[in-house]
C-alpha cells in the first residue's frame, strides 16, 4: 500500500512539474501602416519559446526579410496559409536560408512566421533579442 501511495505522489509530481516544460508561444498579427509595404518587428524570446507572427498576403507577392539577433541565434520559418508549425512543413526554412532571405508567396491567405532558435542554444536557455526588417513587394 505504501508503494502505491508513493507511486501516486511521484506521478502527480511529474505531471505537475512537466507543464513548465512546454514552450511559450507569442503570436502577433503584422499590420502594415497605410501606404507602407514594410515594417520592423522587435522582441525577445528565451529557450524553447518562440515568436509567431501572422501576415495576410497575395499570391505572387515577394516577402523579403533580414534578421538581426543576439549572437545570430534567431531563425525564421514561413508557413503557407492553413499550415502551422508542428503540423506542416515550412515553405521557407530559416536554418537553410540564414538571416536574410526572400520568397515568392504561392497563394493568397494568412501566412505564419515562426521565429525560433536552434535546439542546442534553446536547451541552454539562451535569451534572444531580435529585429526583423520585413517587406512585401508586389
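The values are calculated or read from the model by the stated rules, or taken from the named source; none is laboratory data. Computed from a prediction, not measured in an experiment: that's the story for all the values here. We place every Cβ from the backbone using ideal geometry, glycine too, and count neighbours over all the protein chains shown.
Okay, here's what the table says:
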read-out: Strands (runs of 3 or more DSSP E) wholly inside the stretch 47-99 containing at least 2 residues that are surrounded by fewer than 18 Cβ atoms within 10 Å (Cβ to Cβ) and out of contact with any helix residue (DSSP H, G or I) (no Cβ under 8 Å at 6 or more places or on another chain); value: 50-57, 62-69
read-out: Members of the stretch 118-134 that are out of contact with any helix residue (DSSP H, G or I) (no Cβ under 8 Å at 6 or more places or on another chain), crowded, with 16+ Cβ neighbours inside 10 Å and modelled with pLDDT of 95 or more; value: 132, 134
read-out: Candidate set from the stretch 124-138 (those that are over 16 Å from the mean Cα position of the chain (by Cα) and not in a loop (DSSP other than H, G, I, E, B)); member that is nearest to residue 67 (Cα to Cα); value: 135
read-out: Residues being closer than 20 Å to residue 60 by Cα and under 13 Å from the mean Cα position of the chain (by Cα) - total across the stretch 90-105; value: 3
read-out: Candidate set: the stretch 13-46, residues that are under 23 Å from residue 96 (Cα atoms) and at pLDDT 80 or above; chosen: the one surrounded by the most Cβ atoms within 10 Å (Cβ to Cβ); value: 45
read-out: Scope the stretch 111-125; condition in contact with a strand residue (DSSP E or B) (Cβ under 7 Å, 6 or more places away or on another chain) and in contact (Cβ under 8 Å) with a residue 60 or more places away in the chain; matching residues; value: 112, 113, 114, 115, 116, 117, 125
read-out: In the stretch 90-110, the residues that are out of contact with any strand residue (DSSP E or B) (no Cβ under 9 Å at 6 or more places or on another chain) and without any contact (Cβ under 8 Å) to a residue 24 or more places away in the chain; value: 96
